[in-house]
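Student: The structure is given below, and queries will be raised subsequently.
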Amino acid sequence: MATIAFNNICKSFGENQVVRDFNLTIEDGEFVVLVGPSGCGKTTSLRMLAGLEAPTSGRIALNNVDITDVPSKARELAMVFQSYALYPHMSVADNIGFALSLQKRPAQAIRAEVLAAAKRLEIDHLLARKPRELSGGQRQRVAVARAIVRQPQAFLFDEPLSNLDAKLRHSARVEIRKLQQQLGTTALYVTHDQIEAMTMADRIVVMEGGCIRQVGTPMELYMHPNSVFVASFLGAPPTNCIAGEIVHAAGSVQFRSDSLRLALHPETPRGPATLGIRPESLQPGEGSAVHLQLQGAVRFVEALGAETLVDLSIAGGAGASPQAPPTELTARLPGHHRLASGDILPFHVAKQDLRLFGSDGNVLVDAVAVTDRASEERMGDGGGLQRAVTEYV
Ligand code: ATP
């Protein structure tokens, strides 16, 4: 059981600063996931906690005790590596019990603990085998069993599922999360897979370029991303990001793209901006005055059984150049829909589901002000559409 605190951690390799002012407190029993694109500094942060890398500056505390200068093996942390790092010449039983034998525990006690961990992971029938005689999923379980027998203060996971196929990854992430909850052990888990982050974490830490971009529960980050980066990183298919401009004209403030007009709060600063719309926020049908309404031409349909992904293009908004490229959006509709390429149909998005980001990529709070005096504006058919958008004025 442990609390963990990273305080102002920076790490450079030569001239290359790979972790910048990293501050994070992990509560006792919490499961925190570090997620971000390749090279953003996730593994380096985890390795500094494990004691496998030394921070260039800053301090790390475990249970409020500074462990920055404590050697790795004295930290009472168990790490599960992406490669599993099993000893090939040892049996599964010896691999699982290795740390206990280093502690000079009696052989009988080691055997009992190894068997208990192996039973928990359902690999007790494999104890006599060597790692090369195991499947990838079985090796991953051995690596987890080896971590739990140590009864560590915290588990550190470095992409432990990335070598498994998609089906096995799904069951393994459920098992790891259940196990961690049963044991109540604090965990820090590194992945570049946003689905693992969303499904496993109590809290997610999104990193980019060595910096923390946002910390929060999965739903906080999903519903309220603070930047285009976070909005695009979490969710599959990703958020539709529509590039445009915030324009102050004729007493109103609008977001304008090639295909959309949207009234904004009068104090919204002018300049380049991005409108974010989650695929599931695009609802078929006309909607009402409190919705952004648009007309989409179906380009491609993917029927997944339980849901349908529809690639749409919207084009030809008022004032838009006829040569303006159509805006491509993806809608995610529950259930099965009989749609075909070329169909034209109305969609709407609730005001609270629109996210507007400024020129720096950060969210503009309260920028979208929708009035009940919404008026529809007929558009020229631009890209072959009858009507492209509804304008709120
Ligand atoms: P991935 O998802 O690909 O594992 P990551 O987010 O975990 O990426 P890190 O492994 O922490 O990223 O690496 C961050 C940066 O630090 C990368 O640019 C990497 O090349 C660099 N780096 C990591 N370890 C070293 C090292 N020992 N020496 C020099 N540079 C390193």
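Student: Which aspartates and glutamates have a Cα lying under 14 Å from the Cα of K119, excluding residues fewer than 8 positions away in the same chain?
Tutor: Here the aspartates and glutamates satisfying the reach criterion relative to K119 are E175.
Student: Counting other Cβ atoms within 10 Å, keep those with at most 12, restrict to DSSP loop, and tell me which trypsin sites (Lys or Arg not before Pro) in the stretch 1-81 are left.
Tutor: none
Student: Quick check: Cα centre of the stretch 231-291 to Cα centre of the stretch 127-170, how many Å?
Tutor: What the calculation gives is 44 Å, centre to centre.
Student: Further question on the same structure: Restricting to the stretch 150-231, compute how many DSSP beta bridges are antiparallel as a %, nearest 5. Numbers along the way, then the final one.
Tutor: On the way: 5 of 10 bridges.
Rounded to the nearest five, the antiparallel share is 50 percent.
Student: Bin all alpha-carbon pair distances of the stretch 129-197 at 10 Å intervals from 0 and give each bin's fraction as a whole percent.
Tutor: 18, 55, 26, 1
Student: May I ask you to list the GluC sites (Glu not before Pro) in the stretch 211-290 that are in a DSSP loop and have at most 15 other Cβ atoms within 10 Å of their Cβ? Could the numbers behind the result be given before it?
Tutor: Working: sites: E220, E245, E267, E280, E286; in loops: E267, E286.
For GluC sites (Glu not before Pro) across the stretch 211-290 that sit outside H, G, I, E and B with at most 15 neighbouring Cβ atoms in 10 Å, the list reads E267, E286.
Student: Tell me the per residue accessible area of the stretch 1-91 using a 1.4 Å probe; a whole number in Å² is fine.
Tutor: 47 Å²
Student: Also: Per residue, what volume in Å³ does the convex hull of the Cα atoms of the stretch 28-140 enclose?
Tutor: 154 Å³
Student: Quick one: compute the contact order of the chain, relative version, from alpha carbon pairs under 8 angstrom and 6+ residues apart, as a percent.
Tutor: Computed value for the chain: 15 percent relative contact order.
Student: What is the percent carbon and sulfur in the accessible area of the chain, measuring with a 1.4 Å probe over the protein chains and ignoring ligands?
Tutor: After summing per-atom areas, the C and S share lands at 51 percent.
Student: More than 12 angstrom separation, counting every C-alpha pair in the stretch 228-279; what % is that? Could the numbers behind the result be given before it?
Tutor: On the way: 844 of 1326 pairs.
Considering the stretch 228-279, 64 percent of its Cα-Cα pairs are separated by more than 12 Å.
Student: What 222 nm value per residue comes from the helices of the chain, counting each DSSP H run with n ≥ 4 as -39,500 (n - 2.57) and dividing by all residues, nearest 500 deg cm²/dmol?
Tutor: Calculated from helices alone, the mean residue ellipticity at 222 nm is -6500 deg cm²/dmol.
Student: Hey, if you put +1 on the Cβ of every Lys and Arg and -1 on every Asp and Glu Cβ in the stretch 103-209, which of V190, A117, S135 ends up farthest toward the positive end of that dipole?
Tutor: A117
Student: How much length is gained if the chain between N64 and Q283 is pulled fully straight, taking 0.36 nm per residue apart and subtracting their Cα-Cα distance, in nm to one decimal?
Tutor: That works out to 73.9 nm of additional length.
Student: Which value, in Å² and to the nearest 10, is the accessible area of V301 when all protein chains are kept and the probe is 1.4 Å?
Tutor: Using a 1.4 Å probe on the heavy atoms, I get roughly 40 Å².
Student: Go through V149, A289, H265 and say which Cα lies farthest out towards the positive end of the charge dipole of the chain; charges sit on Cβ, +1 for Lys and Arg, -1 for Asp and Glu.
Tutor: Towards the positive end, the residue furthest out is V149.
Student: Using 20 Å bins from zero, what percent of all Cα-Cα pairs in the chain falls into each bin?
Tutor: Spelled out per bin, shortest first, that is 24, 43, 26, 6, 0.
Student: Determine the relative contact order of the stretch 1-132: mean sequence separation of Cα pairs under 8 Å and six or more apart, normalised by residue count, in whole percent.
Tutor: On the way: 160 pairs, mean separation 27.5, N = 132.
Relative contact order of the stretch 1-132: 21 percent.
Student: Any chance you could list P(r) for the stretch 246-352, counting all Cα-Cα pairs in 5 angstrom bins from zero, rounded to whole %?
Tutor: It works out to 2, 12, 19, 23, 19, 13, 6, 4, 2, 0, in whole percents.
The values are calculated or read from the model by the stated rules, or taken from the named source; none is laboratory data. Just so it is clear, the structure is predicted and the values come from calculations on it, not from any experiment. A quick note on method: Cβ atoms are made from the backbone with ideal geometry, for glycine too, and the neighbour counts reach across all protein chains shown. Areas reflect the complete protein model, heavy atoms only, side chains present, ligands, DNA and RNA absent. Shrake-Rupley method; radii C 1.70, N 1.55, O 1.52, S 1.80 Å.
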